[in-house]
Structures are given as C-alpha cells and as structure tokens.
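So the structure is just underneath, and the comments pick up after that.
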Amino acid sequence: MICDPHKMSMGEIERMTRRYTSELIEFIGPEKRRPRPPTSTPTNQIMAWMMDTYSMHMRQTVTACVTGKPIQTSAVPADAAKATGPRPPAA
C-alpha cells in the first residue's frame with residue numbers, strides 16, 4: 001500500500017488502518033507477529049485503531065496484539081513503559 005499520510009485526514013488514516021488491519025488478521029496477534037508503530041505518523045492512535053479492529057474481530061479485548069498503543073489501553077503499568085527504554089530505530 002502506497003500513500004502519503006501527511007496528505008491524508010485523520011479519518012482517512014483511520015479507515016485505511018482499520019481496513020489494513022482487517023486484511024492482516026490471520027497473520028497478526030499475541031501468538032503470531034505483533035505489528036509495531038510506523039514512523040512519521042501519529043503512532044499511538046494508529047496502534048489503538050489496530051488493537052480495536054483486531055479485538056472486534058476476536059470478539060474480546062486483545063491488548064497484546066500490537067505494540068506502541070497508548071498506555072491507557074494497555075494492561076502494562078505506566079512505569080513499565082519507561083523501563084523498556086526507547087524503541088530501536090526501524091531497519
């Protein structure tokens with residue numbers, strides 16, 4: 001998928017993220033691959049949309065399906081985010 005998120009509205013980014021996540025459902029999850037945040041986008045919100053879409057497909061809340069979501073949506077204590085340190089640069 002090729003797009004320029006800087007030229008897209010938040011609604012367009014949300015719809016694209018949710019559709020993309022729906023297409024990846026069989027390949028992602030806590031016991032499979034867990035997507036990490038993209039660069040140069042509002043990452044926390046995108047990862048929250050991905051988690052929400054995944055959870056809707058699983059018919060239960062699944063917080064461990066992605067990384068980089070807002071702390072409020074995570075089952076991890078807020079102090080744990082500091083303990084893990086900065087995210088490594090994308091390869």
* Asked: Looking at the range 1-49, which of its residues are surrounded by fewer than 16 Cβ atoms within 10 Å (Cβ to Cβ), among the polar types (S, T, N, Q) and modelled with pLDDT of 90 or more?
  -> Ser9, Ser22
* Structure fact -> Checked Thr61, Thr53 against criteria (of a type in the set (Val, Ile, Thr) and either in contact with a strand residue (DSSP E or B) (Cβ under 6 Å, 6 or more places away or on another chain) or surrounded by fewer than 16 Cβ atoms within 10 Å (Cβ to Cβ) (or both)); the one match is Thr61
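The values are calculated or read from the model by the stated rules, or taken from the named source; none is laboratory data. Not measured: the values here are computed from a predicted model. Don't worry about glycine lacking a Cβ; one is built from the backbone with ideal geometry, like all the others, and counts go over all protein chains shown.
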